[in-house]
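A.B. asks: Please read through the structure below; I'll follow up with questions.
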Amino acid sequence: MQELVKRIRTRFDHQQARLVLKETYQAKMIFAYKGGMWRAGPELINLCSVCDTDVVLLDIYDTPVLVNTELLKSQAMQLWQEQMNAWHSEYEEMSKER
């Protein structure tokens, strides 16, 4: 019975740690550009890919900002890749401990 309780606690702790890890790295994906605040991610990167070079986009606070989509996409891609690599590494370490 004690072993079962230990397994359940370990599983719960792992789930909780995954959620904390996700929130931590999602917060690190926010960056400033041209007076707006943006969250690096697939949505922003795809939006920048389909828009013209200079357009007005809404930032995460729904503020309209005139941006150069090529520069915004470049910054978002760089931050996204850095944070996803770090997130993946930390997740792999956490999974080994389990």
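A.B. asks: Take the conditions more than 14 Å from the chain's Cα centre (by Cα) and either within 30 Å of residue 13 (Cα to Cα) or in contact (Cβ under 8 Å) with a residue 24 or more places away in the chain (or both) and apply them to residue 91. Does it pass?
C.D. replies: no
A.B. asks: Only residues in region 7-21 that are within 11 Å of residue 95 (Cα to Cα) and of a type in the set (A, V, I, L, M, F, W, C) count as the first member; pair them with residues that are modelled with pLDDT under 85 and surrounded by 13 or more Cβ atoms within 10 Å (Cβ to Cβ), Cβ under 9 angstrom, at least 6 apart or cross-chain, and list the lot.
C.D. replies: The qualifying pairs are 17/94.
A.B. asks: Ok, one more. Quick check on region 56-98: of everything there that is of a type in the set (Ser, Thr, Tyr) and loosely packed, with under 11 Cβ neighbours inside 10 Å, which residue is farthest from residue 42 (Cα to Cα)?
C.D. replies: Looking at the filtered set, the residue picked out is 89.
A.B. asks: If we scan region 8-15, do we find a residue that is part of a helix (DSSP H, G or I), loosely packed, with under 13 Cβ neighbours inside 10 Å, among the aromatic types (Phe, Trp, Tyr) and at pLDDT below 90?
C.D. replies: The answer is yes, given that some residue of region 8-15 is part of a helix (DSSP H, G or I), loosely packed, with under 13 Cβ neighbours inside 10 Å, among the aromatic types (Phe, Trp, Tyr) and at pLDDT below 90.
The values are calculated or read from the model by the stated rules, or taken from the named source; none is laboratory data. This structure is a prediction, so every number in the text was calculated from the model and none was measured. Note: ideal-geometry Cβ built from the backbone for every residue, glycine included; neighbour counts use all protein chains shown.
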